[in-house]
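> Let me begin by handing over the structure; questions about it come next.
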Amino acid sequence: MIVKLILGPTAWDRVLAFSSMSSKISIISLVYAIINNFIVMIDIIIIFLVLNLWGVVIISRFLERGRK
């Protein structure tokens, strides 16, 4: 995914790689937070996932419309 993020042939591939990487990082962090009983970290992960979703939507809309 890191190679696809850096060298992706299209911008859509880069957006998909970014979304996939951030989701996997969030899942790993969530498992770590649950195992170590870090309740506050779970809230931070949820906020990170929401911001990731908004970011992907905004970037996708920008790419769909093109640069004006």
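The values are calculated or read from the model by the stated rules, or taken from the named source; none is laboratory data. It should be emphasised that the depicted structure is a prediction, and the values quoted were computed from it without experimental measurement. Glycine also receives a Cβ, built like all others from the backbone with ideal geometry; neighbour counts cover every protein chain displayed.
> Quick one: count up the residues across segment 33-66 that are surrounded by fewer than 10 Cβ atoms within 10 Å (Cβ to Cβ) and of a type in the set (S, T, N, Q).
2
> With 20, 60 as the choices, which residue is in contact (Cβ under 8 Å) with a residue 12 or more places away in the chain and either hydrophobic (A, V, I, L, M, F, W, C) or touching a helix residue (DSSP H, G or I) at 6+ places or on another chain (Cβ under 7 Å) (or both)?
Values: 20 fails: either hydrophobic (A, V, I, L, M, F, W, C) or touching a helix residue (DSSP H, G or I) at 6+ places or on another chain (Cβ under 7 Å) (or both).
After applying the criteria, what remains is 60.
> Sticking with this structure for a sec: May I ask you to verify whether residue 29 is of a type in the set (S, T, N, Q), modelled with pLDDT of 90 or more, in a helix (DSSP H, G or I) and surrounded by 15 or more Cβ atoms within 10 Å (Cβ to Cβ)?
Working: of a type in the set (S, T, N, Q): yes; modelled with pLDDT of 90 or more: yes; in a helix (DSSP H, G or I): yes; surrounded by 15 or more Cβ atoms within 10 Å (Cβ to Cβ): yes.
Against the criterion (of a type in the set (S, T, N, Q), modelled with pLDDT of 90 or more, in a helix (DSSP H, G or I) and surrounded by 15 or more Cβ atoms within 10 Å (Cβ to Cβ)), residue 29 qualifies.
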